[in-house]
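S.K.: One structure coming up, written as structure tokens, with questions to follow.
The values are calculated or read from the model by the stated rules, or taken from the named source; none is laboratory data. Just so it is clear, the structure is predicted and the values come from calculations on it, not from any experiment. As a convention, Cβ positions derive from the backbone with ideal geometry for all residues, glycine included, and neighbour counts pool all protein chains shown.
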């Protein structure tokens, strides 16, 4: 038996959709924790809001896309402001894996405060280095005397390589 695909009609039957705030509210008490008038969904460990419908979990941003555009997309959906809980339609855009990965925060271990820039303390004259990942390959952009120079090099590379980048 083929898996039933969630339709926009079924979504609207179960949930009120607030596109202004990017949230879903239960239309009916569904049993368990889903009560009429209560905001639907739970924050997962991955930082995304997930909503259970018909014994299947859906990411809220994909449900918002279904509501607004009538279909769950084949591509990924990128949160423009990088906030995984901001599911307002204006904050969502279709993206390839590459485009989505271009729009991530700096890693938690980053100490420079800038994505793709790090201090190479063993190098005294030019201790700052800049890198960028493009097409799954990391490109070294050079060594710099100041963090500001490394940031400028990184931003120039973003302008050159990133497709969703907003200068």
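S.K.: Please determine, by comparing only the residues of region 134-147 that are exposed (fewer than 14 other Cβ atoms within 10 Å of the Cβ) and out of contact with any strand residue (DSSP E or B) (no Cβ under 9 Å at 6 or more places or on another chain), which one is modelled with the lowest pLDDT.
M.R.: 136
S.K.: Among the residues of region 56-79, how many are closer than 23 Å to residue 135 by Cβ, in contact with a strand residue (DSSP E or B) (Cβ under 8 Å, 6 or more places away or on another chain) and free of Cβ contacts under 8 Å to residues at least 40 places away in the same chain?
M.R.: Total meeting the criteria: 5.
S.K.: So, one more: Would you mind telling me which numbered condition in (1) crowded, with 16+ Cβ neighbours inside 10 Å; (2) without any contact (Cβ under 8 Å) to a residue 40 or more places away in the chain; (3) more than 28 Å from residue 156 (Cα to Cα); (4) over 20 Å from the mean Cα position of the chain (by Cα) residue 53 fails?
M.R.: Result: residue 53 fails condition (2) only.
S.K.: Can you say whether residue 112 is within 30 Å of residue 140 (Cβ to Cβ) and surrounded by fewer than 14 Cβ atoms within 10 Å (Cβ to Cβ), as far as the supplied structure shows?
M.R.: Against the criterion (within 30 Å of residue 140 (Cβ to Cβ) and surrounded by fewer than 14 Cβ atoms within 10 Å (Cβ to Cβ)), residue 112 does not qualify.
S.K.: Moving to a separate point now. If we keep just the residues of region 115-133 that are within 23 Å of the chain's Cα centre (by Cα) and surrounded by 15 or more Cβ atoms within 10 Å (Cβ to Cβ), which is farthest from residue 100 (Cα to Cα)?
M.R.: The qualifying residue farthest from residue 100 (Cα to Cα) is 117.
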